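Here it is: the structure, laid out below.
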Amino acid sequence: MGAENFMKEIEKLNELVFNYAGLNIKRFFNLDSKVYEEGVLSKKIKELMGLVASMVLRCDDCISYHLIRCHEEKVSDRELEEAVSIALMVGGSITIPHIRKAFRFWSELKEE
């Protein structure tokens, strides 16, 4: 699934969630978007941090989302590789399948 299709699917699913969401879910979603805004740390750094956390937690959807955002924030291949190496160090070899998928998705993003 390409980045555009992935983001359309996320948007559609978020609409569905908000049809059912109460105040607590809405607050959490709002906080999630707010923490990635520019602050003392740049959006770029925050997206790399989100990527590392997602890899350690092994959430493929989260990894794809953060890779899209990293691409939008002009993360370089070298910056990505350093972040991924941190995820590997923290998460261990169990993250390797997710790293493989992440680099495949990153390559696809660069081709679009």
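The values are calculated or read from the model by the stated rules, or taken from the named source; none is laboratory data. Source: prediction; values computed, not measured. Glycine also receives a Cβ, built like all others from the backbone with ideal geometry; neighbour counts cover every protein chain displayed.
Could you grab me the full set of residues in segment 31-62 that are modelled with pLDDT of 95 or more, polar (S, T, N, Q) and farther than 27 Å from Ile96 by Cβ?
Matches in segment 31-62: Ser42 only.
Output the residues belonging to segment 56-76 that are closer than 15 Å to Trp106 by Cβ and either of a type in the set (Ser, Thr, Tyr) or part of a loop (DSSP other than H, G, I, E, B) (or both).
Ser64, Tyr65, Glu73, Lys74, Val75, Ser76
Select from segment 1-55 the residues that are among the hydroxyl-bearing types (Ser, Thr, Tyr) and either in a helix (DSSP H, G or I) or more than 16 Å from the chain's Cα centre (by Cα) (or both) and list them in ascending order.
Tyr20, Ser33, Ser54
(1) surrounded by 15 or more Cβ atoms within 10 Å (Cβ to Cβ); (2) under 11 Å from the mean Cα position of the chain (by Cα): which one isn't true of Ile99, the others all being true?
Unmet for Ile99, out of (1) surrounded by 15 or more Cβ atoms within 10 Å (Cβ to Cβ); (2) under 11 Å from the mean Cα position of the chain (by Cα): (2).
Step by step: first the residues of segment 77-96, then only those that are aliphatic (A, V, I, L, M) and buried (at least 17 other Cβ atoms within 10 Å of the Cβ), then the one that is nearest to Lys110 (Cα to Cα). Which residue is that? Lay out the reasoning, then the answer.
In the first step, residues of segment 77-96 are kept if they are aliphatic (A, V, I, L, M); the result is 80, 83-84, 86-90, 94, 96.
Imposing the further condition that a residue be buried (at least 17 other Cβ atoms within 10 Å of the Cβ) reduces the set to 80, 83-84, 87-88.
Values: Leu80: 13, Ala83: 18, Val84: 17, Ala87: 21, Leu88: 22 Å.
Among those that are aliphatic (A, V, I, L, M) and buried (at least 17 other Cβ atoms within 10 Å of the Cβ), it is Leu80.
From the list Arg58, Arg78, pick out the single residue that is in contact (Cβ under 8 Å) with a residue 40 or more places away in the chain and of a type in the set (Lys, Arg).
Arg58
Can you confirm whether segment 24-42 contains a residue that is touching a Leu at 6+ places or on another chain (Cβ under 7 Å) and closer than 20 Å to Ala3 by Cα?
no
Further question on the same structure: Quick one: which of Leu88, Leu80 is in contact with a Phe, Trp or Tyr (Cβ under 9 Å, 6 or more places away or on another chain) and either at negative phi or in a helix (DSSP H, G or I) (or both)?
Within the list Leu88, Leu80, the selection yields Leu80.
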